[in-house]
1. For the stretch 228-276, which positions are within 15 Å of Gln218 (Cα to Cα) and of a type in the set (D, E, K, R)?
2. Please tell me if Lys240 is out of contact with any strand residue (DSSP E or B) (no Cβ under 6 Å at 6 or more places or on another chain), under 21 Å from Ser157 (Cβ atoms), of a type in the set (D, E, K, R) and at pLDDT 95 or above.
3. Quick one: Gly252 ticks every box in (1) of a type outside the set (A, V, I, L, M, F, W, C); (2) over 18 Å from the mean Cα position of the chain (by Cα); (3) closer than 18 Å to Met114 by Cβ bar one, so which box is it?
4. I'd like to check something: does the stretch 220-229 contain any residue that is over 19 Å from the mean Cα position of the chain (by Cα), more than 30 Å from Tyr83 (Cβ to Cβ), of a type in the set (Ser, Thr, Tyr) and not assigned by TED's automatic domain parsing to the domain that holds Gly143?
5. Hey, which of the strands (runs of 3 or more DSSP E) in the stretch 23-136, taking only ones fully inside, have at least 1 residues that are free of Cβ contacts under 8 Å to residues at least 40 places away in the same chain, outside the structural domain of Phe244 (by TED's automatic domain parsing) and buried (at least 17 other Cβ atoms within 10 Å of the Cβ)?
6. List the residue pairs whose Cβ atoms are under 8 Å apart, where the first residue sits in the stretch 236-264 and is in the same structural domain as Leu220 (by TED's automatic domain parsing) and in contact (Cβ under 8 Å) with a residue 24 or more places away in the chain, the second is buried (at least 17 other Cβ atoms within 10 Å of the Cβ) and of a type in the set (D, E, K, R), and the two are 6 or more positions apart or on different chains.
Amino acid sequence: MRYWISALALGASLGTVHAATLDRQQAKALAQEAYVFAYATVEHDKVLSAIAAKLPFNHLYSEPRLLGPQDDKVVSPNNDTFYSRALLDLRSEPMVLDVPAVQGRYYSFQLVDMRTDNLDYIGTRATGEQAGRYLMVGPDWKGPVPSGFSAVIRSPSRLVFLLGRTEVKGEADQKDAAQVLKGYALQPLSKVSGSAAPEPLAPLQLPAYADTKQGPAQALFSTFNALAPLHQWTASEQQKLARFAAIGVKPGTAFQAPEDLSEAVAQGAEAGRELVRAASSQLSVER
């Protein structure tokens, strides 16, 4: 924890900054803070880009198969649940998830935003065993909420990772568990309500994931700049982003550090990467 606190202290000392007024030490400190801030969003791209390469946006894929040792894309996946997954592009309209009544069996749908926060859950523990219809809304949607929904889930992100888990009670239960998967349905609101679909937006293009442990640490800023417009940042986060702009960390732009500060920014990014590495190495230390 002390590593994250030291990074925040560095940011607090900088205040509002502009590239013309930064010296090398300030630029280094700002880059270190920006790296820690951006890390979770950029690392999330590992999952997002892998799914987007195989699955269209707003399409729910449920796999009636138990994972085994050969499934190494996730560090420690369950081998007693079937998985469902979807990337929700909420830029143009909300999406609707229908779930059946599921009694005597655990299931859940986890919704993850671009900051990797779990913004909500749907499932036996969170919403009960009854059938339900859930409206998932992005930050830009202003329409009236139609009737007939069990709940409205509002996301600060325009892109949401939806991850489902359905319990399998042993080998003999797989057939029954697979039937539950058939009851899940994901549709756009316009299709559910019978209204006109909004004008299609340009296809969403995610940056290719670059291993954050390899290569120059400041490469993380390029990925962050590409992903950041997909999230509605809070007021305090926007204040940080306004300061990071002085070193080229600007949502929706190509990353380019000021020429006279480029070396300091690179050094700060490396220091930020070391903070992340050191903090993560303390997560599972036995005491």
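1. Lys250, Glu259, Glu263, Glu270, Arg273, Glu274
2. Here the answer is yes, as Lys240 does meet what is asked.
3. So Gly252 meets the others, but not (2).
4. Within the stretch 220-229, none of the residues are over 19 Å from the mean Cα position of the chain (by Cα), more than 30 Å from Tyr83 (Cβ to Cβ), of a type in the set (Ser, Thr, Tyr) and not assigned by TED's automatic domain parsing to the domain that holds Gly143.
5. So the answer is 118-123.
6. Short answer, once both residue conditions are applied: Lys240/Glu33; Phe244/Glu33; Phe244/Lys250; Ala264/Lys28.
The values are calculated or read from the model by the stated rules, or taken from the named source; none is laboratory data. Note that the structure is predicted; figures quoted are calculated from it, not measured. Positions of Cβ are backbone-derived with ideal geometry, glycine not excepted, and every protein chain shown enters the neighbour counts.
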